[in-house]
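Since the structure comes first, as structure tokens, the remarks are kept for the end.
No lab work stands behind these numbers, since they all come straight from the coordinates. Worth saying up front: this structure is predicted, and the values here are computed from it rather than measured. FYI the Cβ positions are ideal-geometry reconstructions off the backbone, even for glycines, and counts take in every protein chain you see.
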Amino acid sequence: MTTNRTEDEARTEDALAPLTSADLPDLHDFLVRADLTLSGLDAPTVRLWLLRDAAGIVRGSTGFELSTAGEHALIRSVAVDQGARGQGLGLDLARYALDRAADTGARRAWLFSRRSGPFWRKLGFEPADRTRLATLLAETHQVCLFRATGQLDREVAWSRELSPGRTPAR
């Protein structure tokens, strides 16, 4: 774990749990409400974490999928429950995925987002070429789904470099 965390980040990280097969129905329902991609949630290449409240209700999720060579990470499933938004939790969840991807050796993070550009810019993401994303991460579930359904042409790609250690706030 990172040593230079804020108190809120530490609470978020300590409360996150890796996805298990028993969690899949709850995660599926949560991501449907968040209008996020469901493809490959149970795939071994997809790494996901859930944040549950004291009652066991999913309040957030985060994760990524690595390219075959491990140099690129597709950030996925970063979502916060409607009632928990506006408190910085989404930034904490996104940082967690970015830091874990960097810990695996990934050097660049990518994602698709048509609606949340300002959010991702806070974390250092810049608009990117979606064709390049789709080429570098061709085998990922989300890219395969978007190609198969024709959705790829409607997506907006974002990217940023990764480095080991903490993801800085902007």
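Rounded to the nearest 0.05, what FRET efficiency is calculated for Glu161 and Asp35 with R0 set to 30 Å and r the Cβ-Cβ distance?
Working: r = 28 Å, r/R0 = 0.94.
Calculated transfer efficiency: 0.60.
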Taking every other residue with Cβ under 12 Å from the Cβ of Glu155 and scoring Lys and Arg +1, Asp and Glu -1, one gets +3
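Hydropathy at least -0.5 by Kyte-Doolittle, axial extent at least 20 angstrom from the Cα trace: which helices of the chain, defined as entire DSSP H runs, fit? List each step's numbers first, then the result.
On the way: long enough: 89-103 (21 Å, 0.08).
Those that pass (Cα extent of 20 Å or more, hydropathy at least -0.5) are 89-103.
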Where does the chain land at 222 nm, in deg cm²/dmol rounded to the nearest 500, when only DSSP H runs of n ≥ 4 count, each adding -39500 (n - 2.57), divided by all residues?
-9500 deg cm²/dmol
Between Ala17 and Gln87, what is 0.36 nm times their sequence separation minus the Cα-Cα distance? Round to one decimal in nm.
23.2 nm
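Please give me the summed charge of the neighbours of Ala22: other residues whose Cβ is under 14 Å from its Cβ, Lys and Arg +1, Asp and Glu -1. Before the final figure, lay out each step's value.
Values: positive: Arg52; negative: Asp23, Asp26, Asp29, Asp42.
After counting each charged neighbour, the total is -3.
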Burial ranking of peptide ranges 152-159, 51-58, 97-104, 72-79 (average Cβ count within 10 Å, highest at the top)
72-79, 97-104, 152-159, 51-58
Point-charge dipole on Cβ atoms (K/R +1, D/E -1) for the chain, about Cα centre, debye to 20:
560
Report D for the chain in µm² per second (integer): Stokes-Einstein, Kirkwood Rh on Cα pairs, 10 °C, 1.306 mPa s.
99
